[in-house]
């Protein structure tokens with residue numbers, strides 16, 4: 001239930017704080033006084049997009065706060081799922097709109113997204129404005145009305161969950177099918193590339209080894225001649241380094257017998273001789289290993305050219321890139337080979353999900369069919385109470401391809417006259433008839449939903465006299481179960497209110513402001529009399545107003 005509404009710097013409202021009670025609250029006022037402004041401010045709490053132009057001139061922002069009593073609402077799960085503080089029994093919703101176009105939303109002073117604010121507000125309050133009467137002709141609205149009367153939300157939620165799962169799998173199947181078709185068309189090319197790369201038998205680090213071998217083979221003659229000369233210098237029988245060093249060891253060995261300090265030097269010579277002898281042997285091995293082999297050089301260069309040509313063909317910077325490409329193509333071909341099995345499995349999953357969704361849609365259809373006649377009868381009875389004794393309203397259903405709402409097309413068929421053919425309601429209902437039908441629908445929906453507050457904005461368009469009186473009685477009946485706030489221009493409805501607020505526009509020397517006041521008994525009497533007779537309130541109008549107020553208390 002809406003307990004308090006506070007508005008600051010919105011349009012013609014500078015500051016306004018209103019307290020609300022349970023039952024029926026009526027709001028009246030002259031055309032242009034600002035009743036729509038009041039409703040527009042409240043709509044901000046429901047997540048309506050807005051324009052910075054609504055900010056009162058001279059202000060930097062406008063703020064709308066609404067305090068709700070949650071006693072009759074079970075929203076603990078909503079607060080828990082969205083990590084919000086649950087301050088039962090009250091909840092504060094706030095929306096700020098700034099001149100730079102940005103807005104901020106809060107729940108119990110915690111910042112939230114606009115969509116979350118909207119989701120919460122729509123579970124607390126429903127605003128029905130005059131233009132919403134146009135909804136009555138829309139298939140989606142008529143279906144939602146029937147589903148509200150069915151009162152099996154888990155049935156609809158379960159179906160929608162299974163349908164969404166089915167559609168997700170179907171999208172996955174379509175994506176996989178398209179991908180497979182593209183892959184199949186590229187399979188021959190992939191296989192050609194892989195065969196070429198596998199035939200090349202590429203090995204990591206191969207290019208470095210080939211370049212080293214190519215350099216060696218290219219300069220083999222030069223290297224072999226140099227190594228031969230080096231070996232001769234080291235191991236020539238006459239003047240080789242080893243021969244001379246061996247002779248030096250002999251001389252040193254003889255001298256150390258008479259000159260002891262030379263012993264250490266002789267040891268060093270012997271060590272050098274041994275090292276040089278090993279070095280000479282290694283040079284000899286190198287001389288033996290180096291081979292002048294033009295045929296092998298051609299093979300190595302041919303291999304290098306093959307790898308370079310593959311790199312250029314496949315736009316690969318290195319041999320490692322080529323090997324990575326080979327492995328990647330191999331994986332792609334393996335995936336293509338496996339994809340047929342995956343496609344078959346996914347087909348089976350889609351079929352199973354479709355059957356499950358279809359089963360849920362059929363259960364939903366049965367539940368809807370079970371309530372169609374009852375809904376039509378209840379609406380017909382209420383229309384009779386609203387001065388349409390010959391009216392008849394039926395709900396029809398035809399099958400349609402399954403979508404997110406099920407597989408039912410719902411149509412409200414209406415006739416205002418006895419024995420007249422029923423036609424779609426939007427084709428034949430007048431404005432006044434539409435207003436009455438919509439009130440009847442709201443009355444029935446209110447019984448099925450947990451909404452604690454209903455707001456009617458001039459739903460009584462096209463109504464007058466006794467019908468207005470009966471419409472007021474229906475609003476009173478709804479208000480006996482939940483809070484109702486009604487903006488009206490009809491005295492018969494205004495008199496039914498438990499509380500009466502009047503909206504007026506005040507012109508000062510500096511500005512124009514919208515104000516709202518609570519009418520006490522005498523003021524209320526004069527307001528209703530004014531609504532009955534116009535600017536010049538007559539004694540008859542006052543007497544009529546007294547009678548209306550007295551009747552509303554009976």
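The values are calculated or read from the model by the stated rules, or taken from the named source; none is laboratory data. Just so you know, these numbers come straight off a predicted model, no measurement behind them. Cβ placement follows ideal geometry from the backbone for every residue including glycine, while neighbour counts extend to all protein chains displayed.
Things to note:
Yes or no, residue by residue, for (1) touching a strand residue (DSSP E or B) at 6+ places or on another chain (Cβ under 8 Å); (2) at pLDDT below 85; (3) surrounded by 20 or more Cβ atoms within 10 Å (Cβ to Cβ):
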| position | (1), (2), (3) |
| --- | --- |
| 4 | yes, no, no |
| 8 | yes, no, no |
| 22 | yes, no, yes |
| 25 | yes, no, yes |
| 28 | yes, no, yes |
| 35 | yes, yes, yes |
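- Annotation note: Cβ proximity below 9 Å between a residue of the stretch 227-241 that is outside the structural domain of residue 291 (by TED's automatic domain parsing) and a residue that is modelled with pLDDT under 90 and surrounded by 14 or more Cβ atoms within 10 Å (Cβ to Cβ) (sequence gap 6+ or interchain) occurs for no pair.
- Flag if residue 435 is within 42 Å of the chain's Cα centre (by Cα), within 19 Å of residue 393 (Cα to Cα) and surrounded by fewer than 17 Cβ atoms within 10 Å (Cβ to Cβ): no
- Residues that are out of contact with any helix residue (DSSP H, G or I) (no Cβ under 9 Å at 6 or more places or on another chain) and surrounded by fewer than 24 Cβ atoms within 10 Å (Cβ to Cβ), drawn from the stretch 483-500: 499
- Scanning the stretch 88-134 for residues that are within 25 Å of the chain's Cα centre (by Cα) and assigned to a helix (DSSP H, G or I) yields 114, 115, 116, 117, 118, 119, 120, 121.
- Of all residues in the stretch 49-71, those satisfying the criterion of being surrounded by fewer than 17 Cβ atoms within 10 Å (Cβ to Cβ) and either within 27 Å of the chain's Cα centre (by Cα) or under 17 Å from residue 3 (Cβ atoms) (or both) are 49, 51, 52, 71.
- Checking residue 383 against (1) buried (at least 17 other Cβ atoms within 10 Å of the Cβ); (2) touching a residue at least 60 places away in the same chain (Cβ under 8 Å), the condition it does not meet: (2)
- Among (1) closer than 30 Å to residue 357 by Cα; (2) at pLDDT below 90 - the single one residue 404 does not satisfy: (2)
- Criterion violated by residue 400 - all others in (1) under 30 Å from residue 120 (Cα atoms); (2) free of Cβ contacts under 8 Å to residues at least 12 places away in the same chain satisfied: (1)
- Scoring residue 554 on the criteria (1) over 24 Å from residue 19 (Cα atoms); (2) at pLDDT 90 or above leaves a single failure, condition (2).
- Lone unmet requirement of (1) crowded, with 20+ Cβ neighbours inside 10 Å; (2) under 22 Å from residue 388 (Cα atoms); (3) touching a residue at least 40 places away in the same chain (Cβ under 8 Å) for residue 531: (2)
- Residue 352 free of Cβ contacts under 8 Å to residues at least 24 places away in the same chain, out of contact with any strand residue (DSSP E or B) (no Cβ under 9 Å at 6 or more places or on another chain) and surrounded by 15 or more Cβ atoms within 10 Å (Cβ to Cβ): no
- Where helices (runs of 4 or more DSSP H) fall wholly inside the stretch 159-273, the ranges with 2 or more residues that are modelled with pLDDT of 90 or more and over 30 Å from residue 365 (Cβ atoms) are 206-218, 220-235.
- Boolean, residue 360 is surrounded by 14 or more Cβ atoms within 10 Å (Cβ to Cβ), part of a loop (DSSP other than H, G, I, E, B) and in contact (Cβ under 8 Å) with a residue 60 or more places away in the chain: no
- Taking the stretch 1-23 as the range and being in contact with a helix residue (DSSP H, G or I) (Cβ under 9 Å, 6 or more places away or on another chain) and not in a strand (DSSP E or B) as the test, the residues that pass are 11, 12, 22, 23.
- Among the conditions (1) under 30 Å from residue 461 (Cβ atoms); (2) modelled with pLDDT of 90 or more; (3) out of contact with any helix residue (DSSP H, G or I) (no Cβ under 6 Å at 6 or more places or on another chain); (4) assigned to a helix (DSSP H, G or I), the only one that residue 140 does not satisfy is (2).
- Just one residue in the set 336, 323 is out of contact with any helix residue (DSSP H, G or I) (no Cβ under 7 Å at 6 or more places or on another chain), in contact (Cβ under 8 Å) with a residue 60 or more places away in the chain and surrounded by 14 or more Cβ atoms within 10 Å (Cβ to Cβ); that residue is 323.
- Residue within the stretch 225-247 that is over 22 Å from residue 281 (Cβ atoms) and surrounded by 12 or more Cβ atoms within 10 Å (Cβ to Cβ) present: no
- The sole residue among 153, 204 that is surrounded by fewer than 16 Cβ atoms within 10 Å (Cβ to Cβ) and within 30 Å of residue 325 (Cβ to Cβ) is 204.
- Subset of the stretch 29-87 [assigned to a strand (DSSP E or B) and over 20 Å from residue 455 (Cα atoms)]: 55, 61, 62, 63
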